[in-house]
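Asks: Here you go, one structure.
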Amino acid sequence: MDIEDNINPGTIVYLENVEFPHQNQGVTKYLVVITSNLKLLFLKINSSSSQTEFGAKKREFQFKLKKEIYRFLDHDSYLDCGTVWYGIIDKQEMLKQITEDPSRVKGELIPDHRNEVIRLSQKSRSISTIRKGIIRENFSR
């Protein structure tokens, strides 16, 4: 089985050298895959400590991922459904990291959380209509 077959919408991955535009260097981050076919699209998982950095507007698009459900987390964290990230890591680099260390695939969002991703992302003004459709289609399965 090809490693890429294990990367589906809702898969949670832990990747190194993820390059967000607002940071000077790559970081290691938990991400939720929206799509991995033509273009990698992700949602970002934030730590509870980063919640203080966000204004009320941005916090309204996040929901808590409890450590008791997602046991790989060090603590309760927040899934940001208000921004879709792309171009933050090359697909070949992602597949290389997962091939070298399959434990980087941490699991899948539970069905209730997939529904919450759809609900929250559809309200976001920073996600394009096309990407909202991709999220709705991929997370409704």
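Asks: Is one or more of the residues making up the stretch 13-22 of a type in the set (Ser, Thr, Tyr) and at pLDDT 90 or above?
Replies: Yes, there is a match, as at least one residue in the stretch 13-22 is of a type in the set (Ser, Thr, Tyr) and at pLDDT 90 or above.
Asks: May I ask you to say which residue of Leu73, Leu79, Leu109 is more than 12 Å from Leu43 (Cα to Cα) and of a type outside the set (D, E, K, R)?
Replies: Within the list Leu73, Leu79, Leu109, the selection yields Leu73.
A quick yes/no check of all residues on (1) farther than 17 Å from Tyr30 by Cβ; (2) in contact with a Gly (Cβ under 8 Å, 6 or more places away or on another chain):
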residue	(1), (2)
Gln92	yes, no
Asp101	no, no
Leu120	yes, yes
Arg125	yes, no
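Asks: For the stretch 23-38, name all the residues that are at pLDDT below 90 and either touching a His at 6+ places or on another chain (Cβ under 9 Å) or not hydroxyl-bearing (Ser, Thr, Tyr) (or both).
Replies: Gln23, Asn24, Gln25, Gly26, Asn37, Leu38
Asks: Now for a separate question. Out of curiosity, is Tyr70 assigned to a strand (DSSP E or B) and crowded, with 16+ Cβ neighbours inside 10 Å?
Replies: no
Asks: Could you check the stretch 43-75 and list, in sequence order, the residues that are at pLDDT 95 or above and over 15 Å from Ile110 (Cβ atoms)?
Replies: Within the stretch 43-75, Lys44 is the sole residue that qualifies.
Asks: Go through the stretch 8-37 residue by residue and tally those that are hydrophobic (A, V, I, L, M, F, W, C) and free of Cβ contacts under 8 Å to residues at least 60 places away in the same chain.
Replies: Total satisfying the criteria: 3.
The values are calculated or read from the model by the stated rules, or taken from the named source; none is laboratory data. Here the structure is a predicted model, which means the values were calculated and not measured. Positions of Cβ are backbone-derived with ideal geometry, glycine not excepted, and every protein chain shown enters the neighbour counts.
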